[in-house]
Amino acid sequence: MQNLIKKLNNLKELIEELKRDGIKDQRILEAFEKYPRELFVSKDVKNFSYQNSPLPIGHSQTISQPYIVAYMTEKLEIKPEDRVLEIGTGSGFQTAILSHLAKEVFSVERIIELYESAKKRLEELCINNVKLKLGDGKEGWLEYSPFDKIMVTAAAKEMPDELLLQLRNGGIAIAPVGDYMQYLYIYKKRDNKIEKIRDIAVSFVPLI
C-alpha cells in the first residue's frame, strides 16, 4: 500500500511539474495518469519513472523526458478525429499518449526487439486504435497516408521529404532536426506548401 501511495504521489508531482512548465492541454495530463510511465520501462529504472528526464530502454535508445513528450504532443494540436503517424515507437509510451488524443495512431519502429515489446505493452493496456509497423521510419507509412499529424522522435539532419509528402493539407508535423545542435521544427502544410518553424533546442537519438 505504501508503494502505491508513493507512486501516486510521484505521478501527481510530475503532472504538477508539467503544468508549471506550461503544459495546458488537460487531455495530455489525463493521458499521463492513464498510462503511467513506469509501465514502459525496465525494472532497473522503474524507480526513476517519474523523474522529468530521459531513461534508457536498451539498444542505444531512450524514453523521452516527460516534458518533451507532453510538449511535442501539445504542439501537434491533436483533435479526436485525427490520424497520427509516429516515427520511432520505442517503448510505446509516446504512442500510448497519442492514442488517448487521436482517432488512430500509426507507429513505425526499426528495432525488432523494441517493436515486439511495445506491441505487447500496448496490447496488454487494451489500446486498440494503434497500428505498429517494423520498418524504416524515413519512409513513413504510405499505405495509410495522408496523416493529419506526424511526430518524429529521432533526429535527422533534415526532415525526410517522404514524410512531408504523407502529411495532409492543413496538417502539422513536428520533428527534432540537426546533428550536433538539434532543434524541434514544426511543419505546417497549407495549400500544399510547407511552413517551417524553428522551436526549442533538444537532444534526441539519431534517425537511422
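The residue that is modelled with the lowest pLDDT, among those in the stretch 1-28 that are exposed (fewer than 14 other Cβ atoms within 10 Å of the Cβ) and outside any helix (DSSP H, G or I), is Met1. Any residue at all in the stretch 76-99 that is under 19 Å from Ala173 (Cα atoms), surrounded by fewer than 22 Cβ atoms within 10 Å (Cβ to Cβ) and among the hydroxyl-bearing types (Ser, Thr, Tyr)? No, the stretch 76-99 contains no residue that is under 19 Å from Ala173 (Cα atoms), surrounded by fewer than 22 Cβ atoms within 10 Å (Cβ to Cβ) and among the hydroxyl-bearing types (Ser, Thr, Tyr). Name every residue in the stretch 175-208 that is of a type outside the set (Lys, Arg) and touching an Asp or Glu at 6+ places or on another chain (Cβ under 8 Å), in order of residue number. Val177, Tyr183, Leu184, Tyr185, Ile186, Tyr187 - these are the residues of the stretch 175-208 that are of a type outside the set (Lys, Arg) and touching an Asp or Glu at 6+ places or on another chain (Cβ under 8 Å). Selection of the stretch 45-99 for residues being of a type in the set (Val, Ile, Thr) and assigned to a loop (DSSP other than H, G, I, E, B) yields Ile78, Thr89. For Ala31, the criteria (1) in a helix (DSSP H, G or I); (2) small (Gly, Ala, Ser); (3) within 19 Å of Lys120 (Cβ to Cβ) hold in every case but one, which is (3). Of the residues making up the stretch 65-97, those that are closer than 23 Å to Ala201 by Cβ, free of Cβ contacts under 8 Å to residues at least 60 places away in the same chain and not acidic (Asp, Glu) number 7.
Of all the listed residues (Tyr187, Tyr144, Tyr183), the sole one being within 17 Å of Thr95 (Cα to Cα) and not small (Gly, Ala, Ser) is Tyr144.
Residue check: is Asn128 more than 20 Å from Ser64 (Cα to Cα) and within 18 Å of the chain's Cα centre (by Cα)? So Asn128 fits the description; yes.
Screening Arg121 on (1) within 19 Å of Ala173 (Cα to Cα); (2) touching a residue at least 40 places away in the same chain (Cβ under 8 Å); (3) in contact with a helix residue (DSSP H, G or I) (Cβ under 8 Å, 6 or more places away or on another chain) shows it passes everything except condition (1).
For (1) under 22 Å from Ala31 (Cβ atoms); (2) modelled with pLDDT of 95 or more; (3) more than 16 Å from the chain's Cα centre (by Cα), each residue gets a yes or a no:
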position	(1), (2), (3)
Arg83	yes, yes, no
His100	yes, yes, no
Val108	yes, yes, no
Glu116	no, yes, yes
Glu123	yes, yes, yes
Leu134	no, yes, yes
Pro146	no, yes, yes
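Return yes or no: is Thr73 at pLDDT below 95, buried (at least 17 other Cβ atoms within 10 Å of the Cβ) and not charged (D, E, K, R)? Judged against the criteria, Thr73 is not a match.
The values are calculated or read from the model by the stated rules, or taken from the named source; none is laboratory data. No experiment lies behind these values; they were computed from the predicted model shown. Positions of Cβ are generated from backbone atoms using ideal geometry, with glycine treated the same way; all protein chains shown enter the neighbour counts.
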